Amino acid sequence: MKMKRIGVLTSGGDTPGMNAAIRAVVKAGMHYGAEVYGIYKGYYGLIHDIIKPLDGNSVYNIIHRGGTILKSARCKEFKTAEGREKAFETLKKYDIDGLVVIGGDGTLTGARLLGKEHDFPVIGLPGTIDNDLYGTDYTIGYDTAVNTVVAAVDKIRDTAHSHDRLFIVEVMGRDAGFIALRSGIATGAEKILIPEAKTFIEDLYESLEKGKSHDEGAGIIIVAEGDDFGGALEVEKKIREKFPDYDIRVSILGHIQRGGAPTAYDRVLASGLGYQAVKALIDGKRGMMVGSINRKIEFTPFEQTIKYNRPVNVELHTIAEILAL
Ligand code: F6P
C-alpha cells in the first residue's frame, strides 16, 4: 500500500530526543514522498482533531531541543474503545494511511489496540526516560536523563563531602531501576535501591556503617522512586531511627530528569529510529516497535513489548555493591 500521508504523535511522559525523532519522521517522509501530519497532545489530539501538516520548516532547529514540539499528554479517553473509534475517525478524515507513535508502555498499548481494532498501520518508537521497554537496548531520552542525574549528583557530592552529610537522592523510575542503577554506578553511589532488588534494611545499615570509615558519614544513596522500600523520604526515616546522629538530607530530582538538551547518543538514536519507522510503514510493516539491539535495528511486535518486562542487569547491581565497599 502506498503511504501518501503519515501521522506522528508523542504521548505519555516527554523525553529529550523526541524532537529529534519527529524531525527524522518528517524528513524521512519527505524523502519517500509522503506528507507528514503532526498530531498535537498525543492521543488527545487524535481524538479531538488537533492536527497540522509538518514540513522541513516545522522541524528546523529542533534536533537539540528537549521536550516535544508536538506536546504530549496521558489520555484516559483513548483507553476506551469509544475514544479509539473517535481517533480512527480523525485519521480517516485526514486521509492518514499510517501512524508513528513515540512513547512508553502506555503509548504502545494504545497503539496496539488502535491498530488491531481498526486494521490500521501503526509503528511505535520507544520514548521514555525509564528505559523499561522490551525490544530495545536504549529508549529515547534515557541516556540524557542518566547524564542529568550524574551532573546533579556530582554537585551534591561536593556539598555532602564539605558537610559530612549523607544524601538520599531520589530519581525517576516508577517500575524500573534503570536510571538509578546506571547513574548510581557512574557517580560511585554508596548504595543503589531499585524496584528489581528487594531492599533489606539491615544490609543498608551495614553498608552505611562500613562507609562511615571513608568519609565520616558523608555519602550518596540513590533510590528509584518505585523501590519496594518507598521513596527517599521513607529511606530517610528508617536511617534516622537507627543513626540519630547522622546529618541527612534528601534531594528529589524530579522532572529535571525529563528536560534539557538531548545527548548526542539520544539524538542519533532518535534520528535513526525515526527514519526506520517511516521506512517500515512504507515497506508495509505494522503493529511493531522499532528499537536497536546490539546496534542492530530490530522490530518487535507490540504484544511482546507490552507483555515482557525488560530486566535490569542484576549482575551490574551486584558489581555496584562490591565497588561501593
Ligand atoms: O514514565 C516516565 C516518568 O518520568 C516516570 O519515571 C515517572 O514516574 C513519571 O513519568 C512521572 O509522570 P508525570 O510527569 O505524569 O508526573
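The values are calculated or read from the model by the stated rules, or taken from the named source; none is laboratory data. Please read all numbers here as calculations on a predicted model, not as lab measurements. Neighbour counts are summed over all protein chains in view; Cβ atoms, including those assigned to glycine, are modelled from backbone coordinates with ideal geometry. Heads up: the accessible areas ignore ligands, DNA and RNA and are worked out on the full protein's heavy atoms, side chains in. Shrake-Rupley method; radii C 1.70, N 1.55, O 1.52, S 1.80 Å.
Modelled this way, with points 7 Å down the Cα-to-C-beta line, the labels at M30 and E82 are 4.2 nm from one another.
Of all beta bridges that DSSP places with both ends in the chain, some 25 percent have antiparallel geometry. The convex hull around the C-alpha trace of the range 236-300, projected and averaged over every direction, spans 8.2 square nanometres.
Within straight cross-link reach of K285, meaning Cα distance under 16 Å, which aspartates and glutamates are found once same-chain residues fewer than 8 apart are removed? Partners within reach: D97, D119, E298, E303. Could you identify which residue out of T199, T136, T107 has the top mean-square fluctuation in a GNM of the chain using Cα springs shorter than 10 Å? For the chain, modelled as a Gaussian network with Cα springs under 10 Å, the answer is T199. How big is D for the range 217-325, in µm² s⁻¹ as a whole number, if Stokes-Einstein is applied with the Kirkwood radius of its Cα pairs at 10 °C and 1.306 mPa s? Answer, rounded: 87 µm²/s. Determine which lysines satisfy two conditions relative to K237: a Cα distance under 24 Å, and not lying fewer than 8 residues away in the same chain. Answer for K237, where 24 Å is the Cα cut-off: K155, K191, K198, K210, K212, listed by chain and number. Note on the chain: GNM, Cα springs under 10 Å; of Q304, Q276, Q257, the largest mean-square fluctuation is that of Q304.
Computed over the chain, the per-residue total of -39500 (n - 2.57) for DSSP H runs of n ≥ 4 gives a 222 nm mean residue ellipticity of -13500 deg cm²/dmol, rounded to 500. Rolling a 1.4 angstrom probe over the range 1-148 with all protein chains present gives an accessible area of which 49% lies on carbon and sulfur atoms. In the chain, the alpha-carbon atoms span a convex hull of 120 Å³ per residue. Accessible surface computed residue by residue for the chain, with neighbouring protein chains in place and a 1.4 Å probe, gives 45 Å² per residue. Per-residue extension of 0.36 nm, minus the Cα-Cα distance of K155 and K2, leaves a gain of 49.8 nm for this segment.
How much of the DSSP bridge set in the range 143-258 is antiparallel, in percent, rounded to the nearest 5? Rounded to the nearest five, the antiparallel share is 0 percent. Exposed loop sites are taken as trypsin sites (Lys or Arg not before Pro) in a DSSP loop (any state but H, G, I, E or B) with at most 11 other beta carbon atoms within 10 Å; the longest stretch of the chain without one runs 77-173. On the range 167-312, 50 percent of the accessible area sits on carbon and sulfur atoms, based on a 1.4 Å probe. Over 23 Å between Cα atoms, which of K79/K307; K93/K307; K41/K76; K2/K116 qualify? The pairs that break the limit, which is 23 Å between Cα atoms, are K93/K307.
What is the log10 of I(q)/I(0) for the range 143-258, computed with the Debye formula using one identical point scatterer on each Cα and no solvent, at q = 0.14, 0.18, 0.19, 0.22 Å⁻¹? Calculated log10 I(q)/I(0) at the listed q: -0.49, -0.83, -0.93, -1.26.
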